[in-house]
Amino acid sequence: MPQKKHTDGVIGIGLFFFSLIMYFLVIPNQIKEISFGAGSLSPAFFPKLASLIIGFLSLVLIFNNFFLKQQTRIAEFGPKALNIILFLIAYVFGIQLLGYMAATGLFLFALMVYLSREKWIRYILIILGFLIVNYLFFEKVLNLILPRGILFQ
Amino acid sequence: MLANLIAGVVSILHVEVILALAAGVGGGIILGSIPGLTATMAIAVVIPFTFYMDPVISISMLIGAYKGGLFGGSISAILLGTPGTDAAAATILDGNTMAKSGRPGKALKTALISSALGDMLSLLALIIIAPQLAKLTIQIGPGEFFALIIFSLTIIAGMGGESVTKGLIAAAFGLLIATIGLDPMVGIRRLTFGVPNLDSGIAIMPMLIGLFAVPEVIEQLEHPLKRNIPVLKESDDPADNRLSFREFKRCIKSILIGSGIGVMIGAIPGVGSSISSWLSYKTAKDRSRDQEKWGTGIVEGVAAPEAGNNAICGGALIPMLTLGVPGSVPVAILMGAFLIQGIIPGPMIFEEAGPIVYGIFASLFASNLLLLIIGYLIITYAAMHFTRVPKVTLFPIIISFCFVGSFALNQAFFDVKIMVIFGILGYLMRKFGFAPAPFLIAMILEPFGERALRQFLMMNRGDFTAIFRQEIAVAFLILTAISILAFIRKQMKKTAIQRVPGS
């Protein structure tokens with residue numbers, strides 16, 4: 001991604017609106033304002049304070065960027081990163097559907113092959129070894145029941 | 001204190017404790033030696049193995065992984081010239097030069113002995129200082145504690161890297177996220193959006209595994225996968241691959257300097273092991289009679305940063321144990337492990353969990369010895385292999401560990417989803433220049449700060465100005481104001497530099 005001049009400013013604007021939404025919409029809807037006598041703070045006090053701080057600092061970020069011309073370095077996004085994130089999300093749904101063992105086997109194999117197609121037979125052996133050790137250690141030694149998945153329940 | 005320490009030693013003299021420690025140290029060294037994996041990652045990977053253990057064993061295993069991870073970073077720094085962890089970057093100067101000139105064995109052994117000695121000296125400082133400091137801090141009331149947390153948060157925002165404003169925004173987000181769940185005083189739901197799993201708040205472990213381990217893996221995988229193959233030739237002369245007693249004597253001054261700096265830097269929240277190792281290197285060099293030889297591959301140049309970065313561990317545990325303030329990410333993770341085990345770090349820890357704390361002190365001592373033994377075996381027989389572990393198989397497996405680690409504690413799949421959400425958030429934060437460390441530490445400190453402020457206001461019938469009548473609180477508030485002014489000055493200086501044409 002090319003280095004943009006106003007990324008910080010745009011982030012600042014986004015955060016400012018986020019803080020406004022939190023302060024005026026989300027917090028009043030999600031937290032009951034209750035007072036328990038003198039000196040007691042409302043449960044909404046800290047969330048509101050945090051939103052105010054975010055709002056104020058986002059204004060500082062906007063000011064620094066648009067008026068003082070400051071822009072922190074923004075790292076490049078590799079095209080692979082998005083795919084890896086999609087793999088992670090698919091893994092979550094895979095575990096819910098197929099259970100930890102099957103989903104892990106598929107996820108590991110798919111991700112390894114995606115990263116490098118050179119030695120896929122070796123990948124299968126490594127994954128099988130990993131799954132066996134995982135099963136023995138977590139299920140048999142620690143008695144941790146790993147997710148079974150909707151299909152195998 | 002001596003009786004407590006002896007009781008602590010007796011409590012860890014069990015096979016399972018020693019095995020857990022050895023696994024933590026060994027795992028930490030192996031993971032730390034792989035380029036791209038930090039000591040934080042070493043702890044994150046070890047976490048799932050510790051949930052079902054006794055508090056002393058589990059925390060010792062995590063501390064073992066932390067120490068092993070710090071030392072492991074120096075293996076790749078020396079053999080590959082790529083630091084496994086940021087903390088080991090200063091070791092490259094002399095360590096990698098030694099390796100390239102046929103003396104990798106000597107450099108690795110110097111690093112090992114210096115790391116273990118630095119660790120040992122910082123442990124002594126911890127054992128001597130922490131109980132005494134706890135006796136002083138026990139008198140701290142809610143007002144002072146709130147002021148201390150405000151001060152810590154301001155300092156920690158400095159960990160935001162390039163931009164203090166972004167560090168503070170990350171910390172404010174941490175505060176906001178920490179308020180999700182039941183209100184600590186009156187039990188009302190806050191920001192749960194009707195999701196029952198959120199009543200107990202965002203679980204710390206899945207969140208931090210997501211925030212730190214997942215983005216690290218994504219970043220490693222998104223770049224082209226190169227295998228690290230060190231082209232090193234070992235000298236045929238055995239003297240070139242061992243550390244002689246004369247050389248060790250030459251290192252003692254560097255080790256002492258590095259250890260002193262490490263303990264001090266470790267005790268200051270937000271500074272970190274990377275600065276400690278560079279400062280140790282520079283200070284030891286400035287105080288050396290042969291300054292011109294530094295950087296050409298001398299043992300003192302390896303000893304100083306290695307002692308400096310490992311001595312961080314004991315130093316960093318001092319504010320965490322006595323005040324409940326974690327100064328760095330690995331220590332914040334350790335604090336999370338304490339909380340999960342029902343131990344609340346802070347002034348009362350020696351009163352409430354004395355035997356456990358002394359057991360942990362004893363296990364820290366044992367883990368130092370194990371670091372020497374396991375570290376020696378690894379650098380003699382296997383170091384080269386670990387630096388060559390292919391990323392394509394290792395990193396996907398680490399992600400799988402992250403999933404188990406997030407699921408294991410509460411056996412709740414909801415926590416896995418939290419881990420993935422924070423993993424994506426952590427990745428975006430890194431890319432847009434928001435350091436995740438202030439976020440995490442603010443999130444851990446918020447419940448303590450909020451409780452302290454609310455107790456203080458109830459005690460003073462809502463009069464916040466009463467805080468200005470408490471000397472310690474005022475001192476912390478003044479320090480906070482000074483830190484903010486220093487940040488503003490730094491920011492203005494930076495702007496002035498940027499405005500000078502061509503600068």
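Restricting attention to the range B:23-70, report how many residues are basic (Lys, Arg) and within 14 Å of chain A (Cβ to nearest Cβ).
Final tally of qualifying residues: 0.
If you take the residues of the range A:59-68 that are facing another protein chain (nearest Cβ under 7 Å) and under 14 Å from A:GLY14 (Cα atoms), which of them is surrounded by the most Cβ atoms within 10 Å (Cβ to Cβ)?
Looking at residues that are facing another protein chain (nearest Cβ under 7 Å) and under 14 Å from A:GLY14 (Cα atoms), I get A:LEU61.
Can you tell me which residue within the range A:104-153, out of those that are surrounded by fewer than 16 Cβ atoms within 10 Å (Cβ to Cβ) and of a type in the set (Ser, Thr, Tyr), is farthest from the other protein chains (Cβ to nearest Cβ)?
Among those residues, the one meeting the criterion is A:TYR135.
Looking only at the range A:9-50, count every residue that is at pLDDT 85 or above and at the interface with another protein chain (Cβ under 8 Å from one of its Cβ atoms) and tell me the total.
Result for the range A:9-50: 13.
For the range B:455-472, which residues satisfy the criterion of being among the charged types (D, E, K, R) and either under 20 Å from A:PRO43 (Cβ atoms) or surrounded by 17 or more Cβ atoms within 10 Å (Cβ to Cβ) (or both)?
B:ARG461
All but one of (1) surrounded by fewer than 20 Cβ atoms within 10 Å (Cβ to Cβ); (2) part of a helix (DSSP H, G or I); (3) within 10 Å of chain B (Cβ to nearest Cβ) hold for A:MET101; which doesn't?
Looking at each condition in turn, A:MET101 falls short on (3).
Looking at B:PHE407, B:PHE338, B:PHE434 in this structure, which one is assigned to a helix (DSSP H, G or I) and within 14 Å of chain A (Cβ to nearest Cβ)?
B:PHE407
Which number in (1) of a type in the set (Val, Ile, Thr); (2) modelled with pLDDT of 85 or more; (3) part of a helix (DSSP H, G or I) marks the one condition that B:ILE275 misses?
B:ILE275 satisfies every listed condition except (2).
For the range B:174-183, enumerate the residues that are at the interface with chain A (Cβ under 7 Å from one of its Cβ atoms) and over 14 Å from B:ARG454 (Cβ atoms).
B:LEU175, B:LEU176 - these are the residues of the range B:174-183 that are at the interface with chain A (Cβ under 7 Å from one of its Cβ atoms) and over 14 Å from B:ARG454 (Cβ atoms).
Sort out for me the helices (runs of 4 or more DSSP H) sitting completely within the range B:1-78 that have 1 or more residues that are under 19 Å from B:ALA111 (Cα atoms).
Helices (runs of 4 or more DSSP H) meeting the threshold: B:15-33, B:39-46.
Can you tell me which residue among A:GLU76, A:GLU33 is under 30 Å from B:LEU168 (Cβ atoms), assigned to a loop (DSSP other than H, G, I, E, B), within 21 Å of the chain's Cα centre (by Cα) and among the acidic types (Asp, Glu)?
Going through A:GLU76, A:GLU33 in turn, just one is under 30 Å from B:LEU168 (Cβ atoms), assigned to a loop (DSSP other than H, G, I, E, B), within 21 Å of the chain's Cα centre (by Cα) and among the acidic types (Asp, Glu): A:GLU76.
Can you tell me which of B:VAL186, B:VAL217 is facing chain A (nearest Cβ under 9 Å), crowded, with 22+ Cβ neighbours inside 10 Å and farther than 30 Å from B:ILE488 by Cβ?
Of B:VAL186, B:VAL217, the one residue that is facing chain A (nearest Cβ under 9 Å), crowded, with 22+ Cβ neighbours inside 10 Å and farther than 30 Å from B:ILE488 by Cβ is B:VAL217.
Every residue in the range A:89-98 that is surrounded by fewer than 22 Cβ atoms within 10 Å (Cβ to Cβ), facing chain B (nearest Cβ under 10 Å) and closer than 19 Å to B:PHE395 by Cβ, please.
A:ILE89, A:VAL92
Restricting to the range B:80-110, count the residues that are surrounded by 24 or more Cβ atoms within 10 Å (Cβ to Cβ), assigned to a helix (DSSP H, G or I) and at pLDDT below 85.
Total meeting the criteria: 2.
The values are calculated or read from the model by the stated rules, or taken from the named source; none is laboratory data. These numbers come from a predicted model, not from an experiment. Cβ coordinates were reconstructed from backbone atoms using ideal geometry, including for glycine residues, and neighbour counts include every protein chain displayed.
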